[in-house]
Amino acid sequence: MPKALVGLWAPVIIGTAIWIIAFVVLLIAGADSGWVWTAVAGAGLGCLGGAIVAWQSAASRRGSRGAQRDL
């Protein structure tokens, strides 16, 4: 399979973008604050996931023993 289809970056970026779009839509719609904070939390966790993917990718390129391979 192509790396773009099985890579970790695509779902992280797409998922984070969806949460950011949901946040903007909820703000415009004037939704309940619980839903707005849920969207903020989703976007924040997506950014954290992106940082973890970047960290693991860098460790894999360095050849670190504890890193996942072929990222």
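Every read-out reported here was derived from the displayed coordinates using simple, explicitly stated rules and does not represent laboratory data. Remember, it's a predicted structure, so these values are computed and weren't measured experimentally. Neighbour counts run over all protein chains shown; Cβ positions are idealised from the backbone, glycine included.
Within the stretch 45-61, one or more residues are exposed (fewer than 12 other Cβ atoms within 10 Å of the Cβ) and over 17 Å from the mean Cα position of the chain (by Cα). Residues that are surrounded by 12 or more Cβ atoms within 10 Å (Cβ to Cβ) and not in a helix (DSSP H, G or I) within the stretch 18-44 comprise just one, 31.
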